[in-house]
Amino acid sequence: MCGATAGGLSLDGVNVAKEAVVQGQVTRDGEPVGNAYVRLLDRSGEFTAEVPTSATGHFRFFAGEGQWTLRTLAPKAEPVDKVVHAAIGSVAEVQVAI
Amino acid sequence: MSRADSLVSTQWVEDNLGADGVVLIEVDEDTTSYDKGHIKGAIKLDWTTDLQDQVRRDFVSKAQFEALLSERGVANDDTVVLYGGNNNWFAAYAYWYFKLYGHQDVKLMDGGRKKWELDSRELTDELPTRAATSYTAQEQDRSIRAFRDDAVAAIGVQNLIDVRSPDEYAGRLLAPAHLPQEQSQRAGHVPTSLNVPWSKNCNDDGTFKSDDDLKALYAEVGIDDSKDTIALCRIGERSSLTWFVLKELLGHQNVKNYDGSWTEYGSLVGVPIALGDEPGDA
């Protein structure tokens, strides 16, 4: 578990000033999906990182400045792509519905 | 080696659950994921404690490896089937490690834990018990392990394949983007190394691409078949996956994994470093 809080993942222990955080939650019919995989693709579509979601459906990346795509894979669901912009010193929150 | 010798499908694993002489082993970057559920009968190896010396920065010794596998109940003639999260990064690392110590019959489960989960196959929290064995390892096979001096000597001479993401290769990121970026060593890559991100070997579900696609991938980047090859990444696990592709799936000769990888190379004093998207000059 990642210490999830209402409204987003806890940022305790993360130096947000130095990171370009991209994080969020994967849901299906409004319920968290704890067995999804979220892939971070760069501007050219190249894979950069992947994380499994937590039990509460949350995920987090430490990206660089710029545009990224989140591709979410889950059992019995089609992949879902979401474009996100990341910036050092900010947290981009993304909700993914599958 | 070939695909048939070194890779099994999730279906094969399901069909062979509990089979005599087959040991399933989960190895994950997130060492807690086994505890949250694993394939029935699988044992766990923790890459941070079981496979690393706890004092020196190196692998466990032959004697330690023998003690580890004996205690976990793995026999010399067992078929070891490895799987893990993160598209088998650490399972491929463990595969290479088993080969390094001379285990004969090792296989990867294609797609790893992710494929198993995406297939909606069953996981359990039941812990298996295995009787202790008396495991005997071979001396390390140095023909598949590169050290820092090998990496430096390979600049402009051998195929150096850097399998990190393009942003890490270029020096824009210091670590994979699911990890905090707080490292102190220099960014960039070994001059003349070609960037072939490990992910190009795999489909989205973590399974390996076909042999034809993989051959085309390495032909396109200009890997020279007549030369020896060293694969590297940040800490040697993603490059184990590329080592697996080149050596075990495609049958290239003389492929080494540089486990020191960028965390070592990028901290060395006086070695050349290239920045940006181009390989750079020797």
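The values are calculated or read from the model by the stated rules, or taken from the named source; none is laboratory data. The structure displayed is predicted, hence computed values, not measured ones. Note that each Cβ is placed from the backbone with ideal geometry, even for glycine, and that neighbours are counted across all protein chains shown.
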Complete set of residues in the stretch B:20-32 that are in a loop (DSSP other than H, G, I, E, B), surrounded by 20 or more Cβ atoms within 10 Å (Cβ to Cβ) and either among the aromatic types (Phe, Trp, Tyr) or away from chain A (no Cβ under 14 Å) (or both)
B:27
Which listed residue, of B:173, B:108, B:118, is surrounded by 15 or more Cβ atoms within 10 Å (Cβ to Cβ) and under 29 Å from residue B:76 (Cβ atoms):
B:108
Out of the stretch B:33-66, which residues are surrounded by 14 or more Cβ atoms within 10 Å (Cβ to Cβ), of a type outside the set (Ser, Thr, Tyr) and within 25 Å of residue B:147 (Cβ to Cβ)?
B:45, B:46, B:47, B:50, B:51, B:52, B:59, B:60, B:62, B:64, B:65, B:66
Within the stretch B:220-231, can one find any residue that is out of contact with any Ser or Thr (no Cβ under 7 Å at 6 or more places or on another chain) and within 20 Å of residue B:268 (Cα to Cα)?
yes
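Restricting to the stretch B:19-44, name every residue that is without any contact (Cβ under 8 Å) to a residue 12 or more places away in the chain and of a type outside the set (Val, Ile, Thr). Give the steps one after another, and end with the answer.
Within the stretch B:19-44, the subset without any contact (Cβ under 8 Å) to a residue 12 or more places away in the chain is B:19-20, B:32, B:34.
Those that are without any contact (Cβ under 8 Å) to a residue 12 or more places away in the chain and of a type outside the set (Val, Ile, Thr): B:19, B:20, B:34.
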Tell me, please, whether a residue that is among the hydroxyl-bearing types (Ser, Thr, Tyr) and out of contact with any Phe, Trp or Tyr (no Cβ under 8 Å at 6 or more places or on another chain) can be found in the stretch B:80-103.
no
If you go through the stretch B:196-221 one residue at a time, how many are assigned to a loop (DSSP other than H, G, I, E, B) and within 14 Å of the chain's Cα centre (by Cα)?
2
What number of residues within the stretch B:2-43 satisfy the criterion of being under 18 Å from residue B:207 (Cβ atoms) and among the aliphatic types (A, V, I, L, M)?
7
Selection within the stretch B:86-128 - hydroxyl-bearing (Ser, Thr, Tyr) and over 23 Å from residue B:210 (Cα atoms):
B:97, B:101, B:120, B:124
Failed item, numbered, when residue B:71 is tested on (1) surrounded by 24 or more Cβ atoms within 10 Å (Cβ to Cβ); (2) at negative phi; (3) of a type outside the set (Val, Ile, Thr):
(1)
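Could you tell me how many of the residues in the stretch B:45-62 are among the aliphatic types (A, V, I, L, M) and in contact (Cβ under 8 Å) with a residue 60 or more places away in the chain?
So the answer is 0.
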So which of B:224, B:167 ends up being modelled with pLDDT under 95 and assigned to a loop (DSSP other than H, G, I, E, B)?
B:224
Residues that are more than 11 Å from chain B (Cβ to nearest Cβ) and surrounded by 15 or more Cβ atoms within 10 Å (Cβ to Cβ): list the strands (runs of 3 or more DSSP E) wholly contained in the stretch A:5-87 that include at least 3 such residues.
A:20-28, A:80-86
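Yes or no: residue B:161 at pLDDT 95 or above, surrounded by 19 or more Cβ atoms within 10 Å (Cβ to Cβ) and either in contact with a Leu (Cβ under 7 Å, 6 or more places away or on another chain) or within 14 Å of chain A (Cβ to nearest Cβ) (or both)? So that I can check it myself, show each step before the final result.
On the way: at pLDDT 95 or above: yes; surrounded by 19 or more Cβ atoms within 10 Å (Cβ to Cβ): yes; either in contact with a Leu (Cβ under 7 Å, 6 or more places away or on another chain) or within 14 Å of chain A (Cβ to nearest Cβ) (or both): yes.
Taking the combined requirement at face value, the residue satisfies it.
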Only helices (runs of 4 or more DSSP H) wholly contained in the stretch B:72-154 count here; list those with 2 or more residues that are within 14 Å of chain A (Cβ to nearest Cβ) and either over 30 Å from residue B:229 (Cβ atoms) or touching a residue at least 40 places away in the same chain (Cβ under 8 Å) (or both).
B:85-100, B:112-118
